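Structure first, then comments.
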Amino acid sequence: MDEENQAIAEFWARLASIRDLGELREGERLLLVEDFKKKVWQWIEASLQKDPNHYPLDLTFGLDAPLSRALTILHKDARGIIGDLLDGKSVQAPSEALPRLTWTLQDEILQEKTVDSPYTLSRAPVPEICSHYTHELVQIVRLRPFPFRRCPICQSFFVRAGKKVYCSAACTIRAAEEARRETKREYMREYMAKKRAQKVKTQKDTKEV
């Protein structure tokens, strides 16, 4: 994966990892909005370079309002698409991905199947920004192998990197500690089983005497 796709995938993994936007602490929310705002400005600047008379967003009342609405919609898409695919579920591809498709994940590769039944995903009241970034998500999801994994410790999503299993060093340490505790518990279970077996044998030998 090149650096550009890596950065894009990391943003979507981060967005999908948020369980509820409303539960974010103020600092986390502001940082997310600020990072998304940088992405949007890059898109606006690229659009203006193509057509100086076309703004892809109505900025009459500033950028924050459409940004907030778009994040709400895109957050739902990110969690639904990335999470459901990793859960082994069949997912309806966004309507921007034509022809209409269903997605499944098999052996870490996205499988696409054309469907006949019509469906649409509403993008109002910010259709253009959502369409643009949904298309971005579609392209990232189609990378091979599937670029996202879920951390078995904290359940956050992260971008695939070799055989990396956990999202962070902290979760790697937690996993190692849990493995040590499980090893100790298994040892104690075996130890106590042997003690009980020895006790039963001793009692049996005593009765026979």
Seminar exercise, completed: Rounded to the nearest 0.05, FRET efficiency between ARG69 and ARG185 (Cβ-Cβ, R0 41 Å) equals 0.25
Exercise. What range in the chain is the longest one free of trypsin sites (Lys or Arg not before Pro) that are in a loop by DSSP and have at most 15 other Cβ atoms within 10 angstrom?
Worked result: 26-88
For this session: Working from the alpha-carbon coordinates of the chain, get Rg over Rh, Rh being the Kirkwood radius.
Result: 1.22
Exercise. So, in Å, what gap is there between the alpha-carbon centers of the range 1-45 and the range 137-173?
Worked result: 16 Å
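Quick one: length gained pulling ASP116 to ALA197 fully straight, 0.36 nm per residue minus the C-alpha distance? Spell out each step's value before the answer.
Working: separation 81, 0.36 × 81 = 29.16 nm, distance 6.40 nm.
Stretched fully, the ASP116-ALA197 segment lengthens by 22.8 nm.
Counting only C-alpha contacts under 8 Å and six or more residues apart, can you give the relative contact order of the chain as a whole percent?
Working: 187 pairs, mean separation 41.6, N = 209.
Relative contact order comes out at 20 percent.
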For this session: Report, to the nearest 10°, how far helix 3-17 tilts away from the longest principal axis of the Cα atoms in the chain, using its own Cα long axis and a range of 0 to 90°.
Result: 70 degrees
Problem set entry | lysines with Cα under 24 Å of LYS37, excluding same-chain neighbours fewer than 8 positions away | LYS50, LYS76
For this session: Could you list, by residue number, the cysteines of the chain that have no other cysteine's beta carbon within less than 4.7 Å of their beta carbon?
Result: CYS130, CYS154, CYS171
Exercise. Expressed as an acute angle from 0 to 90° and rounded to the nearest 10, what is the orientation of the C-alpha long axis of helix 127-141 relative to the principal long axis of the chain?
Worked result: 40 degrees
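Only the coordinates and a few stated rules stand behind these numbers; no lab work does. These figures come from a predicted structure and were not determined experimentally. No Cβ is skipped: glycine too gets one built from the backbone with ideal geometry, and neighbour counts run over all protein chains shown.
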